[in-house]
1. Can you confirm whether region 86-95 contains a residue that is outside any helix (DSSP H, G or I), β-branched (Val, Ile, Thr) and open to solvent by 30 Å² or more (accessible area, probe 1.4 Å)?
2. Residues of region 126-162 being farther than 26 Å from Lys99 by Cβ, aliphatic (A, V, I, L, M) and either in a strand (DSSP E or B) or open to solvent by less than 40 Å² (accessible area, probe 1.4 Å) (or both), which ones?
3. Within region 245-252, identify whether any single residue is open to solvent by 40 Å² or more (accessible area, probe 1.4 Å) and either among the charged types (D, E, K, R) or closer than 18 Å to Asp201 by Cβ (or both), and answer yes or no.
4. State which residue is modelled with the lowest pLDDT when the search covers only region 312-354 and only residues that are loosely packed, with under 11 Cβ neighbours inside 10 Å and under 30 Å from Ile240 (Cβ atoms).
5. Only one of these is farther than 26 Å from Glu287 by Cα, surrounded by fewer than 13 Cβ atoms within 10 Å (Cβ to Cβ) and of a type outside the set (Ser, Thr, Tyr): Asp165, Asp172. Name it.
6. Would you pick out the residues in region 198-220 that are among the charged types (D, E, K, R) and either in a loop (DSSP other than H, G, I, E, B) or within 20 Å of the chain's Cα centre (by Cα) (or both)?
7. If the requirement is being within 22 Å of Glu245 (Cβ to Cβ) and free of Cβ contacts under 8 Å to residues at least 12 places away in the same chain, which of these qualifies: Asp50, Asp46?
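The values are calculated or read from the model by the stated rules, or taken from the named source; none is laboratory data. Being a predicted model, the structure only gives us computed values, none of them experimental. Cβ atoms come from the backbone with ideal geometry, glycine included; neighbour counts cover every protein chain shown. Side chains included, ligands, DNA and RNA excluded: accessible areas come from the protein's heavy atoms. Shrake-Rupley method; radii C 1.70, N 1.55, O 1.52, S 1.80 Å.
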Amino acid sequence: MFLFLVALSLSKVSIVPRPLQLSELEGRSWVLLDGMQIGYESSIKDYAADLAQFISDSLYTPTGIRLSVAETSSVKLGIQLGASDDDEYHLTMDENLVKILAKNRELLFDGFQTLLQLLPTEIYFNKTVQQKVNWEAPCVIVHDKPRFQWRGLMVDVCRHFFDVDVIKSIIDGMSHFKLNRLHFHLTEDQGWRIDLKKYPDLAKYGSKRDASPKPWSGGGTLDGIPYGPFSFSEEEVKDIIAYAEQRSILVIPEIEMPGHALGLLCGYPQYSCNGGPFKPRCYWGVEQDIICAGNDEALSFLESILDEILKIFPSVYIHCGGDECPRTRWQTCPKCQKRMKDEGLANEDQLQSW
């Protein structure tokens, strides 16, 4: 074990996650220079052309070096993108050329992230050109693929809101470590955070709460400070989706039901069991008021909301929650009890499953 740790400490290369296969070419390095080019093979134009431009733009911002982009398979100095027929990306380097081969855009993008990790750390998170940096990377050979298809991070903007710029910075951080799923938690008892044009009262009444728990108070003491209104427009959400897509990240929306729905019910209290009125929950935790399972109009309303969400998000998945759903209101709601009887359901647990 001691010898193994020493070997790691002597390595000049740190790539996270660590690749399946990594070979260092001792004493050799590639340096990013003016006049270099990014090329992509014609056979992969459909998934490599936009990525080549993205790479050029990404390198230009911190370095001030603009690499030209061309459809070619014969780059001599710079970066060459090409095809492979397996499920790995392959990165090879010499003093003149970085070659990344993969069968799809996401794997090519992972290869580019590996290259970024080999460059000086100033390559990250900079909006202006960094001066007096030698953009040198040690030459390596990497063969790698993700261990997990779904590599995600959840962002909850209901309890604590983050604006578009912060969400984009989170997406940047995800991309650098090859995470590929952003779970976007948009609805909660404490707030509703997407302004659907078809249902404006969702954000109008659900995006602002009267107070929040004081920090370090254990959640039991409110600060008395109104929080909001905070919500994303459909256009802002589409901007986030497009930004994530450029970085090989798919955005998964979370629209919780039937519980954690107080933010929704503030604007549409008629879909609860008791009719409200409601305000977003100020304390953390779970609210007793949930969607009425015995109300056909409530179910149609939820379907219509999901129809709107489907128009915005490219994901084939929508997270509908279902956890932490108290059924207290259902126990005394005539509509819910009738639904149970009509459907032959033994209890409220089965009603939620229905």
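1. If we filter region 86-95 for residues that are outside any helix (DSSP H, G or I), which is where we start, we get 86-95.
Of the ones still in play, those that are also β-branched (Val, Ile, Thr) are 92.
Retained after the next criterion (residues that are open to solvent by 30 Å² or more (accessible area, probe 1.4 Å)): 92.
There is at least one residue in region 86-95 that is outside any helix (DSSP H, G or I), β-branched (Val, Ile, Thr) and open to solvent by 30 Å² or more (accessible area, probe 1.4 Å).
2. Leu153, Met154, Val155, Val157, listed by residue number.
3. yes
4. Asp323
5. On inspection, the qualifying residue turns out to be Asp165.
6. First, pick out the residues of region 198-220 that are among the charged types (D, E, K, R): 198, 201, 204, 208-210, 214.
If the condition is that a residue be among the charged types (D, E, K, R) and either in a loop (DSSP other than H, G, I, E, B) or within 20 Å of the chain's Cα centre (by Cα) (or both), then Lys198, Lys208, Asp210, Lys214 are the ones that fit.
7. On the way: Asp50 fails: free of Cβ contacts under 8 Å to residues at least 12 places away in the same chain.
Only one candidate qualifies: Asp46.
A quick yes/no check of all residues on (1) free of Cβ contacts under 8 Å to residues at least 40 places away in the same chain; (2) of a type in the set (S, T, N, Q); (3) within 24 Å of Asp57 (Cβ to Cβ):
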| position | (1), (2), (3) |
| --- | --- |
| Glu71 | yes, no, yes |
| Gly82 | no, no, yes |
| Ala102 | yes, no, yes |
| Leu118 | no, no, yes |
| Ile123 | no, no, yes |
| Lys127 | no, no, yes |
| Pro138 | no, no, no |
| Arg147 | no, no, no |
